[in-house]
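The values are calculated or read from the model by the stated rules, or taken from the named source; none is laboratory data. Since the model is a prediction, treat every value here as computed from it, not as a measurement. FYI the Cβ positions are ideal-geometry reconstructions off the backbone, even for glycines, and counts take in every protein chain you see.
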2 protein chains.
Amino acid sequence: MNAATGTKSVTADEVIEVAGRIVDTHGADALTMRRLADELGAAVTSIYWHVGNRDELVDALVDRLIADMGTLRARGATPRERIASLARAMRRQLLERPQLVALAHERARTPAMFQPVQDAIARELAVMGLPGDETALALRALQMHVITSVLLIRSIDRFGAQEPVDAVEVFEFTLAAMLDALEARARTA
Amino acid sequence: MNAATGTKSVTADEVIEVAGRIVDTHGADALTMRRLADELGAAVTSIYWHVGNRDELVDALVDRLIADMGTLRARGATPRERIASLARAMRRQLLERPQLVALAHERARTPAMFQPVQDAIARELAVMGLPGDETALALRALQMHVITSVLLIRSIDRFGAQEPVDAVEVFEFTLAAMLDALEARARTA
DNA sequence: ACCTGAACACCGTTCAAGT
DNA sequence: ACCTGAACACCGTTCAAGT
């Protein structure tokens, strides 16, 4: 507390937390320095002292998202089922904070977000018998599919069809198709 | 030409065209009313008279993109090859103006963009023998795949793998996997 | 019908000044 | 070390005033 002005003292962690709440509930555009200052009960300029400028603040937000991503565990007996379970778990986790995921994606931090599952999936692909030189492609395709289903979650329902299609159904259809293809590749190799 | 002020007269078409060039070459964020006015050689406020506000201007830009999308023709002998050719043609066309595609997507106009190919692909799916009640899902999945490959084009290369993977390769892998799955569904039905 | 500048309410950011 | 208000250069938009 600042005795002279009557305004609260603020920490960097506090700034980041409130900023994260604004992004989660009102979207990235709603994160303005003035609104943030208001909700913190501090002057706009004090934010700059703690976290640098808006760009660095968003970077800190993304860093925290990545750090918060707990290590996901594979479930199932076969490599196919274990890969599917990892993809679903990742998707579920990312869907809790889609706004922040979009921010992370814009800043090319998607790789970092996928790091926890990346190695686990690669291991399952090896068990499955996929040739080593096809692992990179498979990982990329799977990651694309997961991130897509999170980033495009809002639009998929109104994707211009006569009947509405469930987002999960689309996700599962393509995931199954990819796993079929990977198993086929492993079999012929 | 306005004789009194020496500034050029401007038409709505002109505004939209210059705005489109700014978006294509410098991105959507670069499209500010003041910059647009500068490049047009007119006052900021005259833009409002011709195209309404920024929001309506972007809508007009998207409308024009959709209108410009020529009807794409399928190539190949089999339904599978014809669907693949439509997906590739669509992708190629959208890749010419990725910034505008992103704008159209944000505004939920993706369905309209896909309208030209939507019907053509549905026809091929019917020839292939896919049950009618699975057509909507297949269309949605294919559209998701095409739009993804355009929207995520910038990030795919740095997607955090050891070796870089070609974007076209990822696109073709998943496309082939989906077509395999659809053919299998058609066969068992 | 068309174009204009002035004005308003927003942005992010810098900086000198406080304690 | 931490917080502040004033000021600057940007935004989009409105409006009364011109021709």
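Numbers below:
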quantity	calculated
Total residues in the stretch B:14-51, condition aliphatic (A, V, I, L, M), near DNA strand D (Cβ under 9 Å from one of its atoms) and over 16 Å from B:PRO98 (Cβ atoms)	6
Test: residue in the stretch B:89-105 that is touching a Lys or Arg at 6+ places or on another chain (Cβ under 7 Å), in a helix (DSSP H, G or I) and free of Cβ contacts under 8 Å to residues at least 60 places away in the same chain	no
Among the candidates A:LEU130, A:LEU125, A:LEU139, residue that is assigned by TED's automatic domain parsing to the domain that holds A:ALA177, assigned to a loop (DSSP other than H, G, I, E, B) and over 12 Å from the mean Cα position of the chain (by Cα)	A:LEU130
Contacts under 9 angstrom Cβ, first residue in the stretch B:65-87 being small (Gly, Ala, Ser), partner assigned to a loop (DSSP other than H, G, I, E, B), 6 or more apart	B:ALA84/B:GLY76; B:SER85/B:LEU72; B:SER85/B:ARG73; B:SER85/B:ALA74; B:SER85/B:ARG75; B:SER85/B:GLY76
Pick from the stretch B:34-44, criterion in contact with a helix residue (DSSP H, G or I) (Cβ under 8 Å, 6 or more places away or on another chain) and within 10 Å of DNA strand C (Cβ to nearest atom), ranking: farthest from B:VAL10 (Cα to Cα)	B:ARG34
All positions within the stretch A:142-176 that are among the polar types (S, T, N, Q), assigned to a helix (DSSP H, G or I) and either within 12 Å of A:ARG91 (Cα to Cα) or at pLDDT below 90 (or both)	A:GLN143, A:THR148, A:SER149, A:SER155
Residue among A:ALA87, A:ALA102 that is of a type in the set (Gly, Ala, Ser) and modelled with pLDDT under 95	A:ALA102
Some residue of the stretch B:59-80 being within 12 Å of DNA strand D (Cβ to nearest atom), farther than 30 Å from B:LEU182 by Cβ and away from every other protein chain (no Cβ under 14 Å)	yes
The stretch A:34-58: number of residues that are within 17 Å of the chain's Cα centre (by Cα) and either surrounded by fewer than 17 Cβ atoms within 10 Å (Cβ to Cβ) or closer than 23 Å to A:GLU169 by Cα (or both)	0
Residues located in the stretch B:123-144, provided they are more than 7 Å from every other protein chain (Cβ to nearest Cβ), buried (at least 17 other Cβ atoms within 10 Å of the Cβ) and not β-branched (Val, Ile, Thr)	B:GLU124, B:LEU125, B:MET128, B:LEU130, B:ALA138, B:LEU142
Positions within the stretch B:7-31 being away from DNA strand C (no atom under 16 Å from the Cβ) and either of a type in the set (Asp, Glu) or more than 21 Å from the chain's Cα centre (by Cα) (or both), in sequence order	B:ASP24
Considering residues of the stretch B:102-122 that are farther than 18 Å from B:ASP55 by Cβ and of a type in the set (A, V, I, L, M) only, the residue farthest from the other protein chains (Cβ to nearest Cβ)	B:ALA120
Any chance B:ALA42 is in the same structural domain as B:VAL101 (by TED's automatic domain parsing), part of a loop (DSSP other than H, G, I, E, B) and in contact (Cβ under 8 Å) with a residue 24 or more places away in the chain	no
